[in-house]
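What follows is a short report on a single structure.
The values are calculated or read from the model by the stated rules, or taken from the named source; none is laboratory data. Here the structure is a predicted model, which means the values were calculated and not measured. All Cβ positions, glycine included, derive from the backbone under ideal geometry; neighbour counts span all protein chains shown. The area values use the complete protein model at the heavy-atom level, side chains included, leaving out ligands, DNA and RNA. Shrake-Rupley method; radii C 1.70, N 1.55, O 1.52, S 1.80 Å.
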Protein chains: 2
Amino acid sequence: MSAHIFVVEDEKPILTLLTYNLQKEGYKVSSSLNGEEALSRIKEKKPDLVLLDWMLPDLSGIKICQYLKQDEKVKNIPIIMLTAKGEEEDKVKGLNTGAEDYMTKPFSFPELLARIKSLLKRVKPNIVSEEATYLDLKIDRESMKVFRKEKEITLGPKEYKLLDFLIKQPKRVYSREQLLEHVWGDDINVESRTVDVHITRLRQSINIEGAKPLIRTVRSAGYSLEN
Amino acid sequence: MSAHIFVVEDEKPILTLLTYNLQKEGYKVSSSLNGEEALSRIKEKKPDLVLLDWMLPDLSGIKICQYLKQDEKVKNIPIIMLTAKGEEEDKVKGLNTGAEDYMTKPFSFPELLARIKSLLKRVKPNIVSEEATYLDLKIDRESMKVFRKEKEITLGPKEYKLLDFLIKQPKRVYSREQLLEHVWGDDINVESRTVDVHITRLRQSINIEGAKPLIRTVRSAGYSLEN
DNA sequence: TAAATATTTAACAAATCTGTAACATTACTC
DNA sequence: GAGTAATGTTACAGATTTGTTAAATATTTA
């Protein structure tokens, strides 16, 4: 099953280039030359990934990005911003709006491809299944219950969110900043040490007699779900 | 520390012009008049950027580009293609082969310069793969784990960073200053001898019974990851 | 609104890491 | 082979990071 990529780009040659190459790679490609149209068609088609040009005739790419990231139904679709500007500032803005990655034009197609693959791979576990397990830890997202060794465990809201996030990619190390961004979300006016406290509590909560700790600390890096 | 640019161009007048102007800008310039030679010398010299003529007597520029982009060791060096043709099609091909940029002759030197600067500035956000290996040493950047002969090894933060950096280009020798710059980063208010100490620690950490040392000292030059 | 729950911050102890200096060892030069 | 420069190694004081607790705020629930 090939992934579906939506390209928003107003410069035809570039759009042609992208479409041609992406299709050659086996992706299903849809595209739009302007922002307004793109917005509605993305919501309708729900592609697996969006390539979004920064500069568009009507709505700017950044606006589209913001709108998409506000919409519950499509907010999980990863976005790669394509920008002609190379300034650091812009890159930051691009990421702030919620884009998962950005590339500066002119870019090499192989590199773009690499990033696309990487994002699609990463997103896969985002197709959140109702149940996620890691070793003897189980989380049922429908009932929002958590089990350790068949025994139900009670978690506070943040603890639950934190675990819910960590379990999507066990063993992957997340920095405190990443956790704040993904688990806390919008109001990141929170000390990064706060994460530590919640990790401690989560640890205490999922800890059971005769079971492994399950949360690993990677000094000066962050945490991961792992025994 | 000025950047090193490699020019591949068979028309002598143009080559002379480019060399002269680039040197005047403070760049270190190497060059080659034909493709075969260029290929081997680029791999040997590892310049920071390559200016590559499209039309060459033997190997075409596009071939060179493809070869370079296939080679792990030099694939990250940005390439600017110089082409006399201006057709869209060529541009597409140029990008397909992995060139980061292209310019159509005749071009203005200031513009070329601007693009060179832009590319050089774009701090090679090397497409770091999740896993890197050198011989029996493996580093998994996702879980931030290091293995030697399948056995997990625990490294301190600096040791990890150091190895992470060294393994990007095995066998390449880095001076203590380069290591400080890339591994320590901003606060380079550190004695260069400090590097020695961390190298020692890293050596001890990755050392395993009956395995090769893996870190080479190059007297009065620096260190490299190599057996 | 009061009570119950959650969250954040601050504070301090414990664990671990880091840089430096001192001394040991190894290469290199003549 | 002596002398010199470069590198290896070690120990330790100081710095950083993390775990944990408790108290202060904020939020939700009844």
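Looking at B:Glu131, B:Glu111, B:Glu150, can you tell me which residue is open to solvent by less than 80 Å² (accessible area, probe 1.4 Å) and away from DNA strand C (no atom under 15 Å from the Cβ)?
Working: B:Glu131 fails: open to solvent by less than 80 Å² (accessible area, probe 1.4 Å); B:Glu150 fails: open to solvent by less than 80 Å² (accessible area, probe 1.4 Å).
After ruling out the rest, the residue left standing is B:Glu111.
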Qualifying positions in region B:153-197 - of a type in the set (S, T, N, Q) and within 15 Å of DNA strand D (Cβ to nearest atom)
B:Thr154, B:Ser175, B:Gln178, B:Asn189, B:Ser192, B:Thr194
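Tell me, yes or no, whether region A:130-142 has at least one residue that is away from every other protein chain (no Cβ under 14 Å), in contact with a helix residue (DSSP H, G or I) (Cβ under 9 Å, 6 or more places away or on another chain) and within 16 Å of DNA strand D (Cβ to nearest atom).
As a first pass, look at region A:130-142 and keep what is away from every other protein chain (no Cβ under 14 Å): A:130-133, A:135-142.
From the residues that got through so far, the ones that are in contact with a helix residue (DSSP H, G or I) (Cβ under 9 Å, 6 or more places away or on another chain) too are A:132, A:137, A:139, A:141.
If we keep only those that are within 16 Å of DNA strand D (Cβ to nearest atom) too, we end up with none.
Within region A:130-142, none of the residues are away from every other protein chain (no Cβ under 14 Å), in contact with a helix residue (DSSP H, G or I) (Cβ under 9 Å, 6 or more places away or on another chain) and within 16 Å of DNA strand D (Cβ to nearest atom).
Have a look at A:Arg176, A:Arg193, A:Arg201, A:Arg219 and point out the one that is within 25 Å of A:Lys149 (Cβ to Cβ), open to solvent by 40 Å² or more (accessible area, probe 1.4 Å) and either at pLDDT 95 or above or touching a strand residue (DSSP E or B) at 6+ places or on another chain (Cβ under 8 Å) (or both).
Working: A:Arg176 fails: within 25 Å of A:Lys149 (Cβ to Cβ); A:Arg193 fails: within 25 Å of A:Lys149 (Cβ to Cβ); A:Arg219 fails: within 25 Å of A:Lys149 (Cβ to Cβ).
On inspection, the qualifying residue turns out to be A:Arg201.
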Exception for A:Arg115 within (1) modelled with pLDDT under 80; (2) within 18 Å of A:Phe6 (Cα to Cα) falls at (1)
From A:Leu162, A:Leu166, A:Leu202, which residue is closer than 25 Å to B:Pro157 by Cα, more than 13 Å from DNA strand C (Cβ to nearest atom) and either in contact (Cβ under 8 Å) with a residue 60 or more places away in the chain or touching a Leu at 6+ places or on another chain (Cβ under 6 Å) (or both)?
A:Leu166
Please determine whether any residue of region A:189-198 is near DNA strand C (Cβ under 9 Å from one of its atoms), out of contact with any helix residue (DSSP H, G or I) (no Cβ under 8 Å at 6 or more places or on another chain) and of a type in the set (A, V, I, L, M).
yes
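Might you check whether a residue that is outside any helix (DSSP H, G or I), closer than 29 Å to B:Val173 by Cβ and open to solvent by 20 Å² or more (accessible area, probe 1.4 Å) occurs anywhere in region B:50-60? Show your work before the answer.
Of region B:50-60, the ones outside any helix (DSSP H, G or I) are B:50-60.
Adding the requirement that they be closer than 29 Å to B:Val173 by Cβ leaves B:50-52.
If we keep only those that are open to solvent by 20 Å² or more (accessible area, probe 1.4 Å) as well, we get none.
Taking every residue of region B:50-60 in turn, none turns out to be outside any helix (DSSP H, G or I), closer than 29 Å to B:Val173 by Cβ and open to solvent by 20 Å² or more (accessible area, probe 1.4 Å).
Filter region B:135-151 for residues that are aliphatic (A, V, I, L, M) and in a loop (DSSP other than H, G, I, E, B) and give the result. Reasoning before the result, please.
Quick first cut of region B:135-151, residues aliphatic (A, V, I, L, M) only: B:135, B:137, B:139, B:144, B:146.
Answer for region B:135-151, where residues must be aliphatic (A, V, I, L, M) and in a loop (DSSP other than H, G, I, E, B): B:Leu135, B:Met144.
So, in region A:207-225, how many residues would count as being away from DNA strand C (no atom under 16 Å from the Cβ) and either touching a residue at least 40 places away in the same chain (Cβ under 8 Å) or β-branched (Val, Ile, Thr) (or both)? Let's see the steps before the verdict.
So the first thing to find is which residues in region A:207-225 are away from DNA strand C (no atom under 16 Å from the Cβ), and the list is A:207-212, A:214, A:225.
Restricting the remaining residues to those that are either touching a residue at least 40 places away in the same chain (Cβ under 8 Å) or β-branched (Val, Ile, Thr) (or both) gives A:208, A:211-212, A:214, A:225.
Matching residues across region A:207-225 total 5.
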